[in-house]
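> Here it is, the structure, as structure tokens.
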Amino acid sequence: MAKNEDPNELKKIVSHAKEYGYVFPSSEIYDGLSATYDYGQYGAELKQNIRQYWWKAMVQMNENIVGIDASIFMHPTTWKASGHVDAFNDPMIDNKDSKKRYRADVLIEEHVAKIDAKINKEIEKAAGKFGDSFDEAQFRATNPRVLQNQEKIDAINARFKEDIEKENFEDLKLLIEELEISDPVSGSKNWTEVRQFNLMFSTELGSLADGASKIYLRPETAQGIFVNYLNVQKTGRMKLPFGIAQTGKAFRNEIIARQFIFRMREFEQMEMQFFIKPGTELEWYEIWKNKRMNWHKSLGLGEENYRFHDHLNLAHYANAACDIEFNFPMGFKELEGIHSRTDFDLKAHEEYSGKKLQYFDNEMEQSYVPYVVETSVGLDRLFLAILATAYTEETLEDGSERTVLKLPVQLAPVKAAVLPLINKDGLPEKAREIMDDLKFSVNVQYDGKDAIGRRYRRQDAIGTPFCITVDHQTLEDGTVTIRERDSMEQRRVAASEVSSIIEKAVDLKPLLKQL
Ligand SMILES: Nc1ncnc2c1ncn2[C@@H]1O[C@H](COP(=O)(O)OP(=O)(O)OP(=O)(O)O)[C@@H](O)[C@H]1O
């Protein structure tokens with residue numbers, strides 16, 4: 001069965017992630033907190049390695065991109081200026097019978113997706129019948145059932161778009177009723193009104209006695225970059241075009257947070273804002289679209305698992321936008337957003353702060369507010385994409401089963417495990433000697449418990465690319481076996497060569513060179 005045809009795929013990944021110290025439900029001893037997760041001993045390492053690869057590709061490899069680390073709390077006016085106080089809302093609706101809450105727009109999108117699936121089924125059927133001579137465009141334009149369903153989709157989308165733009169929530173509810181959308185859990189069609197719900201978390205700064213002021217947990221890291229744009233430009237003597245990158249936590253009170261770490265209320269973003277001359281934004285937008293796609297593909301998760309999705313409904317700040325979607329266990333979904341943000345943010349901050357945020361262009365001998373192209377990827381979603389692709393169940397030649405995480409070698413949390421074949425005759429001491437040498441360059445583990453086969457399986461499940469086994473021959477001729485995770489092949493090499501073999505295999509340089 002192909003991976004994401006298995007309906008239990010995500011469940012298996014969630015349970016593997018928990019069993020092997022990758023991701024735990026947060027505060028589990030208190031029965032957890034919905035949509036919050038903690039990264040365990042291996043998860044934290046994997047996350048750190050992904051973050052580091054992104055940082056190196058963006059900051060270290062680009063002379064004109066620098067990194068910062070802005071705080072989560074920002075002056076509350078920041079969020080007025082950015083539009084988040086007034087416009088960072090999702091329309092929500094409750095089902096009166098099941099008491100479950102949904103995003104009204106998602107209910108409609110899912111309904112549209114069902115109609116679209118019918119169209120695709122017709123197309124697949126016809127393609128199977130006509131083989132190579134099948135012309136999809138022609139079929140779409142002439143088949144009455146496809147035409148009828150496409151008309152339905154267009155009509156729903158047009159009305160839905162207008163309702164969202166004009167915030168006509170009465171009609172949005174009417175639309176849900178007319179389409180006879182029912183609660184996916186209970187089947188009930190007994191809906192409340194649609195209401196706007198702001199996604200920002202707020203808290204208070206200072207004690208109440210001092211007259212505390214309301215502040216927000218940042219819903220995106222981007223604004224920390226915009227408010228620092230001039231600080232960085234001046235102190236770094238940066239010339240356009242240049243970029244500012246940062247990674248860090250963002251918080252959104254998502255109405256429906258689900259699908260494991262795909263949609264959480266606390267998550268981490270890796271963002272880069274690229275400041276450019278007005279009028280060049282669409283050119284840079286295309287460049288960054290391609291650069292980011294190449295970066296994703298360099299991870300080796302399969303080129304067929306990515307696609308672009310252009311936004312037709314643009315956010316208030318954008319004049320072009322798309323997502324890089326990944327084929328997650330639950331289908332193609334957004335992994336990264338690339339947005340041409342115009343000068344919206346910097347202009348708004350100029351207006352609200354009363355401070356000039358202009359750039360003096362020496363060549364043009366004039367000042368202007370730069371335009372911005374943003375690349376924004378969710379670290380947790382990337383983690384899920386990598387984990388889900390790596391998770392493999394195999395039946396071996398001898399009929400036994402193994403579960404192995406075929407993680408990109410460079411990102412694996414533990415790069416090598418050193419295993420004494422038995423726990424006597426000086427083998428543990430020799431194994432420790434090898435480990436003590438390796439630990440200076442890579443994350444390495446010593447494992448002396450259980451039979452060797454079980455130890456190999458344990459390392460496979462963690463995703464360790466190399467197992468170094470120390471046996472009696474090691475004491476005689478100084479060689480060890482090195483077992484490779486994916487092929488399970490073993491070869492004998494001199495113990496003195498182990499560190500250079502592993503360092504070469506985990507080196508990020510070949511990946512960075514492809515970019
Ligand atoms: N609740 C979340 N949990 C985990 N990652 C998230 C969440 N919201 C956004 N991200 C990540 O941050 C990236 C950039 O944020 P952006 O504001 O463009 O997302 P978005 O378009 O609101 O996402 P979505 O449509 O899935 O809600 C997304 O591509 C995604 O990888």
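The values are calculated or read from the model by the stated rules, or taken from the named source; none is laboratory data. The model shown is predicted, which means the values in this text are computed figures rather than measured ones. We place every Cβ from the backbone using ideal geometry, glycine too, and count neighbours over all the protein chains shown. With ligands, DNA and RNA removed, areas are computed over all heavy atoms of the protein, side chains included. Shrake-Rupley method; radii C 1.70, N 1.55, O 1.52, S 1.80 Å.
> Residues being in a loop (DSSP other than H, G, I, E, B) and either in contact with an Asp or Glu (Cβ under 7 Å, 6 or more places away or on another chain) or charged (D, E, K, R) (or both): count how many of those fall in region 67-90. Write out each step before concluding.
Of region 67-90, the ones in a loop (DSSP other than H, G, I, E, B) are 68-72, 74-76, 82-83, 88.
Of the ones still in play, those that are also either in contact with an Asp or Glu (Cβ under 7 Å, 6 or more places away or on another chain) or charged (D, E, K, R) (or both) are 69, 82.
So the answer is 2.
> Can you list the strands (runs of 3 or more DSSP E) lying wholly within region 260-358 that have 2 or more residues being open to solvent by less than 10 Å² (accessible area, probe 1.4 Å) and within 12 Å of the ligand (Cβ to nearest atom)?
Ranges flagged: 266-276, 320-328, 331-342.
> With respect to Leu411, is the statement that it is under 30 Å from Arg263 (Cβ atoms), out of contact with any strand residue (DSSP E or B) (no Cβ under 9 Å at 6 or more places or on another chain) and in contact (Cβ under 8 Å) with a residue 24 or more places away in the chain true?
On the way: under 30 Å from Arg263 (Cβ atoms): yes; out of contact with any strand residue (DSSP E or B) (no Cβ under 9 Å at 6 or more places or on another chain): yes; in contact (Cβ under 8 Å) with a residue 24 or more places away in the chain: yes.
Here the answer is yes, as Leu411 does meet what is asked.
> State which residue is surrounded by the most Cβ atoms within 10 Å (Cβ to Cβ) when the search covers only region 41-84 and only residues that are of a type in the set (Asp, Glu) and under 30 Å from Val444 (Cα atoms).
Per the stated criteria, the residue is Glu45.
> Shifting gears a bit: Check whether at least one residue in region 449-463 is in a strand (DSSP E or B) and buried (at least 19 other Cβ atoms within 10 Å of the Cβ), and report yes or no.
Among the residues of region 449-463, not one is in a strand (DSSP E or B) and buried (at least 19 other Cβ atoms within 10 Å of the Cβ), which makes the answer no.
> Only one of Thr235, Thr280 is free of Cβ contacts under 8 Å to residues at least 24 places away in the same chain and of a type in the set (Val, Ile, Thr); which?
None of the other options fit; the residue is Thr235.
> Moving on. Go through (1) open to solvent by less than 60 Å² (accessible area, probe 1.4 Å); (2) out of contact with any helix residue (DSSP H, G or I) (no Cβ under 8 Å at 6 or more places or on another chain) one by one and return the number of the condition Ala17 breaks.
Only one criterion is unmet by Ala17, namely (2).
> Those residues that are assigned to a loop (DSSP other than H, G, I, E, B), in contact (Cβ under 8 Å) with a residue 40 or more places away in the chain and of a type in the set (Ser, Thr, Tyr), I need them from region 476-502; list them, please.
Result: no residue meets the conditions.
> Does at least one position in region 368-382 carry a residue that is under 30 Å from Ile468 (Cα atoms) and in contact with a Lys or Arg (Cβ under 7 Å, 6 or more places away or on another chain)? Don't jump to the end; show me each part of the working.
Of region 368-382, the ones under 30 Å from Ile468 (Cα atoms) are 382.
Then keep just the ones that are in contact with a Lys or Arg (Cβ under 7 Å, 6 or more places away or on another chain); that gives none.
Within region 368-382 (the criterion being under 30 Å from Ile468 (Cα atoms) and in contact with a Lys or Arg (Cβ under 7 Å, 6 or more places away or on another chain)), the answer is no, since none of the residues qualifies.
> Applying the selection to region 495-504, what residues are aliphatic (A, V, I, L, M) and open to solvent by 30 Å² or more (accessible area, probe 1.4 Å)? Full working, then the answer.
Kept after step one, since they are aliphatic (A, V, I, L, M), are these residues of region 495-504: 495, 498, 501-502.
Ile501 - this is the single residue of region 495-504 that is aliphatic (A, V, I, L, M) and open to solvent by 30 Å² or more (accessible area, probe 1.4 Å).
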